[in-house]
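> One structure, as structure tokens, below. Some questions next.
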Amino acid sequence: MSGRRIVVRQSGVHGKGVFAAAPIEAGARLIEYKGERISWKEALRRHPHNPDEPNHTFYFALDSGKVIDGKVNGNSARWINHSCAPNCEAEEIDGHVYVHALRDIAEGEELFYDYGLVIDAKQTAKLKREYECRCGARKCRGTMLAPPEKKKPGAAAKTKAKADGKSSKSSKSSKSSKKKK
């Protein structure tokens, strides 16, 4: 395909957004999320990017434990907004984060992916409000935070085994392709 497939402009959801400049087919790889690769320690030192919006960053966590800071040497991918009903998905492949279309996207339509933010704190009503979602989707969760993990059958037994000092393997799936704030 020749020409640009995406453009950045003002969003009705939040600040800037990324829009399809031409029709996009499901499965198409649209852009790589770029920026400076830093440690979490450095990300925490830099936080917040904007004191007026302390929960707004351009950080993207990687499986390696590193973070991409899209504010430094970033590209248009940093402007893709969150939606609880996304038309795109971010996926880490060999240490790179790519955004691809989940479905056909019409020209002029805003691109979204589910940030699924993971915060190391209990999800309280206050915390959910701090990460309020404005996507307007029919099934909006009201927050950009990832849904709490559901306890799997046997979870209580695993917890008890750990409390008793026995080792117990648990399979916790990490959602590293999620943008962290």
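Laboratory data are not the source of any read-out in this text; all were calculated from the coordinates shown. Treat the numbers as computed from the prediction; the structure is a model and nothing was measured.
> List every residue whose amide H lies under 5 Å from the amide H of residue 87, counting only residues 5 or more places away in sequence or on a different chain, with H placed 1.01 Å from N in the peptide plane.
It is 112, by chain and number.
> Pop out the ³J(HN,Hα) list for the range 116-126 in order, Karplus 6.51 cos²θ - 1.76 cosθ + 1.60 with θ = phi - 60°, rounded to Hz; leave Gly and Pro as x.
Calculated HN-Hα couplings, in order: x, 4, 10, 10, 7, 7, 5, 7, 9, 4, 5 Hz.
> Could you list, in their original order, any pairs among 16/71; 16/128; 41/122; 71/139; 16/41 whose Cα atoms are separated by more than 24 Å?
71/139; 16/41
> What is the Cα radius of gyration of the range 1-87 over 2.2 N^0.38 Å, N being its residue count?
Relative to the 2.2 N^0.38 Å estimate, the range 1-87 comes out at 1.20.
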